[in-house]
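> Sending over a structure as structure tokens; questions will come in a sec.
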């Protein structure tokens, strides 16, 4: 790879751990015939830190919505067109991290399931089940239905496995893409390239929140702890989900909402045990840390998952010319790209992630306030519309300044209320002054005696409308 920091490959191949620790508990399949382990449910939420791309192929019902044959919509619920993240996508992300944590494909199959196409009797459906992640409309950017997402085109590129110098030992390595915090809007995913294939996409913007749940059963303590560590990463680390990872899409942070754990479901059904329940984020995090103590990813993996908000590196695949000239050059190591001390970077990364959640919450509160104001205004307008023309005119008139009130008394048509009888309005105004502001009338009389004031005009209107009490002296 070139040494210039302006051009770095978007991914790195990280080594699977080979610490030699015992994996019998992790690789043990707990069958489904009876309760023999820990069961429960986790509810969590996702915050998108960069734009998100979860592609859904077109179907006949969508044919008119997307114009080009190779376009993809964002995956969504067809009934309400709200974006969603399929449970299968979440499961795939956690599977990959679980293998990176345990160093064992067998351990993954023990909890996520196993399929033997040649021998169906060996199939195992697994003990962990992900729901789809549903967008929280109230906690996300406005107008979020898929038919309102903007179309962009970008050059996604692709890995070049024929460049064997990059893929020296693929069996003991796994691929991770760099976070790209500077990609903070859908427009920043755009990339020009006249000689390259442009891919049309409908990305979801950053600052969207999703909620989902995970059910698990018959896990042992080691499996549950390792699963929790992959689902809720250590401080400062973030997941990558979906497509477009090479151009910076898919960085998300996951945090818990609630956890329910049944250490022994047999005892639970016999009424001899109650489930452990953690109903707020802080209590959940404390329980996760207690269970995952001493379990962590290698430093190389942590650096790839670290959310470095000050990362200014530009990531892109080398072009054909570079590959042709550098057939033996391998990938730069992660330490060449991120030389900083990891323990110093983690608190900074965690602080930035917390700020993103706080900013999102502020955005939610501001949006909610606007929505409440709109609802209050709509209710006010509905109540106003239910009034008679005279009641509407009087309500509007009472909000005017004193000088303006007289102008509207002289010229009622300025109120522009349909079916308003000007004479009835003038009569109601004068009645209001008589009953509510008699001192005002006295002031007008005194001013009139001094040769000024509106009394003469008011007396004329009173005479025309037939209301007594306003007489020129």
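> Only one of these conditions is not met by residue 442: (1) surrounded by 12 or more Cβ atoms within 10 Å (Cβ to Cβ); (2) out of contact with any helix residue (DSSP H, G or I) (no Cβ under 7 Å at 6 or more places or on another chain). Which number is it?
Result: residue 442 fails condition (1) only.
> Quickly run through region 204-226 and pick out the residues that are touching a helix residue (DSSP H, G or I) at 6+ places or on another chain (Cβ under 6 Å) and closer than 20 Å to residue 150 by Cα.
Answer for region 204-226, where residues must be touching a helix residue (DSSP H, G or I) at 6+ places or on another chain (Cβ under 6 Å) and closer than 20 Å to residue 150 by Cα: 205, 207, 209.
> On to the next question. Keeping to region 114-160, report how many residues are modelled with pLDDT under 80 and either closer than 19 Å to residue 205 by Cα or part of a strand (DSSP E or B) (or both). Before the answer, list the steps.
As a first pass, look at region 114-160 and keep what is modelled with pLDDT under 80: 115-124, 141-143, 155-160.
When the remaining residues are screened for being either closer than 19 Å to residue 205 by Cα or part of a strand (DSSP E or B) (or both), the result is 124, 141-143, 155-156.
Residues that pass the stated criteria total 6.
Quick grid of which residues meet (1) assigned by TED's automatic domain parsing to the domain that holds residue 182; (2) out of contact with any strand residue (DSSP E or B) (no Cβ under 6 Å at 6 or more places or on another chain):
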position: 334; (1), (2): yes, no
position: 342; (1), (2): yes, yes
position: 347; (1), (2): yes, yes
position: 354; (1), (2): yes, yes
position: 358; (1), (2): yes, yes
position: 362; (1), (2): yes, yes
position: 365; (1), (2): yes, yes
position: 378; (1), (2): no, yes
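> Residues in region 354-361: is at least one assigned to a helix (DSSP H, G or I), surrounded by fewer than 10 Cβ atoms within 10 Å (Cβ to Cβ) and without any contact (Cβ under 8 Å) to a residue 12 or more places away in the chain?
no
> Also: Test residue 309 against the stated conditions and say whether it is assigned by TED's automatic domain parsing to the domain that holds residue 350, more than 24 Å from residue 229 (Cβ to Cβ) and either touching a residue at least 40 places away in the same chain (Cβ under 8 Å) or touching a helix residue (DSSP H, G or I) at 6+ places or on another chain (Cβ under 9 Å) (or both).
No, not satisfied.
> Would you check if residue 110 is under 22 Å from residue 240 (Cβ atoms) and at pLDDT 80 or above?
Here the answer is no, as residue 110 does not meet what is asked.
> Among the residues that make up region 317-325, is at least one of them crowded, with 19+ Cβ neighbours inside 10 Å and either more than 25 Å from residue 189 (Cα to Cα) or not assigned by TED's automatic domain parsing to the domain that holds residue 353 (or both)?
Scanning region 317-325, I find no residue that is crowded, with 19+ Cβ neighbours inside 10 Å and either more than 25 Å from residue 189 (Cα to Cα) or not assigned by TED's automatic domain parsing to the domain that holds residue 353 (or both), so the answer is no.
> Which residues, counting only those in region 278-299, are under 26 Å from the mean Cα position of the chain (by Cα), surrounded by fewer than 16 Cβ atoms within 10 Å (Cβ to Cβ) and outside any helix (DSSP H, G or I)?
279, 280
> Within region 414-451, can you find the residues that are touching a residue at least 12 places away in the same chain (Cβ under 8 Å) and outside any helix (DSSP H, G or I)?
417, 418, 419, 420, 421
> Please work out if residue 435 is at pLDDT 90 or above and under 60 Å from the mean Cα position of the chain (by Cα).
Taking the combined requirement at face value, the residue satisfies it.
The values are calculated or read from the model by the stated rules, or taken from the named source; none is laboratory data. Quantities reported herein were computed from a predicted structural model and do not represent experimental measurements. We place every Cβ from the backbone using ideal geometry, glycine too, and count neighbours over all the protein chains shown.
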